[in-house]
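See structure below.
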Amino acid sequence: MTQETEADADPSDESASSVHVLPPIGMLIAPSNCWKCGSKLDLVGLCALTAICADGETYGGPGELDGLVLLTYIEKMPDTLRRTMSERGRNLELMFSSTYDGEYFANRCTCGAIQGDHHLHKPGGPFWPETEDAAAAIAIEWLPIQDISRVGCGLSWTDSRIAEYVRAHRANL
């Protein structure tokens, strides 16, 4: 089951659509193939255990730690988060998506094709696994970010098989 909410405004202010992402923040790394050229690549996604929208709605948090809050269509993110990802050899690029009709931080194949969030976060996609094996193929690296981060993004809450995988690997926190 996945629930989605939109939060697409500038995270540098306290606007109604800024999302507060509480630590720990994780990087999901999932193997996939480029939709355009077929090359193998590792896709990067961001997640947290708790996120709070400007309207006060909370995703995750105490009592609901079985799941994962996935950050989608990230239009703005703090420099510290981008730097921390880069230090680990992982990057998301600010790219234009004609499907989204705007720019957001996305994965890019070496052929130049954007690997769009609408494909990555749909059922059966790299970040919405439907089998135990697909969930086990996803690596999770918790980032050493201790501050609350404001991010301009959409959210997707999952209690799918990826949540089971996270629960099994919670000792890494």
Note: residue 55 to residue 94 extended length (0.36 nm per residue) minus current alpha-carbon separation gives 11.4 nm
List the lysines whose alpha-carbon lies under 18 Å from that of residue 122, not counting same-chain residues fewer than 8 positions away? 36
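Is the shape of the range 100-148 best called rounded, prolate or oblate, per the rule: a/c under 1.5 gives rounded, else a/b larger than b/c gives prolate, else oblate, with a ≥ b ≥ c the square roots of the Cα gyration tensor eigenvalues? Let's see the in-between values first.
Values: a/c = 1.80, a/b = 1.08, b/c = 1.67.
Oblate shape, in that a/c is at least 1.5 and b/c is the bigger or equal ratio.
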Per-peptide average of other Cβ atoms within 10 Å, ordering 102-108, 70-76, 84-90, 120-126 highest first: 70-76, 102-108, 120-126, 84-90
Just to be sure I understand the curve: with the Debye formula and one point per C-alpha of the range 71-158, what is log10 I(q)/I(0) at q = 0.14, 0.17 Å⁻¹? -0.56, -0.84
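Every read-out reported here was derived from the displayed coordinates using simple, explicitly stated rules and does not represent laboratory data. Nothing here was measured: the structure is a model prediction, and the numbers come from that model. All Cβ positions, even for glycine, are placed from backbone atoms using ideal geometry, and neighbour counts span all protein chains on display.
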